[in-house]
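Worksheet for the structure shown next.
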Amino acid sequence: MKRVVIEEPVLRPLVQTGRGFYVAVAVLAAVVLWFGVAYLTQLRGGLAVTGLRDLGVPLSGAPWGLYIATFVWYVGLAHGGIAVSAAARLLKLERYHSIARIAEVLTIITLMMAGANIVIDLGRPDRVINMLLFYSGRVWQSPLVWDFTVILVYLTLCVTYLYLTMREDLASLRGRFPRLGRLYAPLLVGYSPKEKPKVDQIAWWLALTIIFLMVLLSGGVIPWLFGLMGSRVGWYGAVQGPYFLTGALTSAAAGVIIVAAALRKTYGWQQEIKPEIFRHLGIALGILIGFYLWFILHEQMTMRYAGPEEELRISNALLAGRFAPVFWPMLIFGFLLPGAYLFIQGIRPKAFNIGLVVICSGLVVAALWVKRLLIILPSLFYPRLGYPEGSYSPTWVEWSVLAGTLAVACLMYMAFVKLFPMMEVKKKQ
């Protein structure tokens, strides 16, 4: 067994489990248990146990908050995996094949967590059944139904893509790892070595379709949840499509960098995942940050100089009011400084450092979560009608649910790493 580890580093997670792995699992499991307590509290008490409130007198608040912001954030992270993998296949970018599967798994898990946040935000999860029962009557009326449909189709295609491209590796490992072979056997029903050309052809078309759906989801359906609400200040407008798509791709690129670097460090995959991959992904991330900053400027210019008075109130709240202590640190430390370094390391290779690229990616991911909140809350706090100014403070239940979904995502990813190869292994035999 040890000989396999030395000769094939790619298989190291399948045969080697350190103490740190068990410690991490124990900590994450404890967080998930606390998440269960919080969610049961919400199921029993309803959304009244959260800080979410409808506008009105005497209660004035935000009907959307932490859950919806995290939902949009998860969808953005989901685009990283499939974008990297599909682009590598479509454009034949061989250097990125080593992180393709790492990124694909990130896509699938974060999509599942995005769906979970929508169900949690409903308050009563049984209402999902109503969406299914009355689907045909609402499919042309509700952007939420469009959202549900596209996410479900997107997730199905991503799982299919991962499964098809992984079958050859599972077949090659089935005989070498008998215990895992019992897990792989149901996934290899009908497998034949002769299927590879057909699988490659199907995977190519799946990659093309998934890229299209990626644009439709983050460049269309999710922005329509906000951009089609003409009565909501700060949301209505055609810019939401490219704005959200750019934000999604930005968080996706940063997420892939973080996960790939963590696995590279943990399992000693320095030879498999070359440093130039992080430098090139860092350059792409820097470019995306630049576009995203442009859209932030575009948003503020429209609010301040072309919008009605209600739009100006939101801009003032962001730039110099109640949200300024959050907005400016997010802008400076989450976008401007990381973007500046990523641009510098792009034009000056000597400035490149994997650790700094990962730190910048972490700041970007955190900043984009904050930005989701700053998209949602100000518009809900300052309505067009004469309601009092809103307020919102997430309760321990909401923070526990947020931490719980992150812990579940990490546990799912760790389980996949332990059970399935994260890179192509067929050629390494």
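Each label was represented as a point 7 Å from its Cα along the Cα-to-Cβ direction; for residue 414 and residue 94 these points are 3.7 nm apart. Net charge dipole, the chain: roughly 1480 debye, given to the nearest 20, about the Cα centre with Cβ charges of +1 for Lys and Arg and -1 for Asp and Glu. Using the Cβ-Cβ distance between residue 16 and residue 389 with R0 set to 51 Å, the FRET efficiency works out to roughly 0.35. Helices that extend 30 Å or more along their long axis by alpha-carbon positions and average at least 0.5 on the Kyte-Doolittle scale are, among the DSSP H runs of the chain, 19-45, 66-90, 97-122, 143-174, 240-267, 275-301, 354-381, 396-419. Relative protection proxy for 310-322, 176-188, from highest mean packing down: 310-322, 176-188 (other beta-carbon atoms within 10 angstrom). Each Cα pair under 8 Å and six or more residues apart adds its separation to the average, and for the chain the resulting relative contact order is 31 percent. Since only 393, 246, 65 are under comparison, the one whose Cα sits farthest along the positive direction of the charge dipole of the chain, derived from C-beta charges on Lys, Arg, Asp and Glu, is 246.
What nm distance separates the two modelled labels at residue 25 and residue 216, each placed 7 Å from Cα along Cα→Cβ? Rounded to a tenth, the inter-label distance reads 3.9 nm. The stretch 152-230 and the stretch 338-387 have their alpha-carbon centroids 30 Å apart. Applying the criteria of a DSSP loop state and at most 13 other Cβ atoms within 10 Å to the GluC sites (Glu not before Pro) of the stretch 373-428 yields 389.
Values quoted throughout were computed directly from the atomic coordinates according to the rules given, and no laboratory measurement underlies them. Nothing here was measured: the structure is a model prediction, and the numbers come from that model. Positions of Cβ are backbone-derived with ideal geometry, glycine not excepted, and every protein chain shown enters the neighbour counts.
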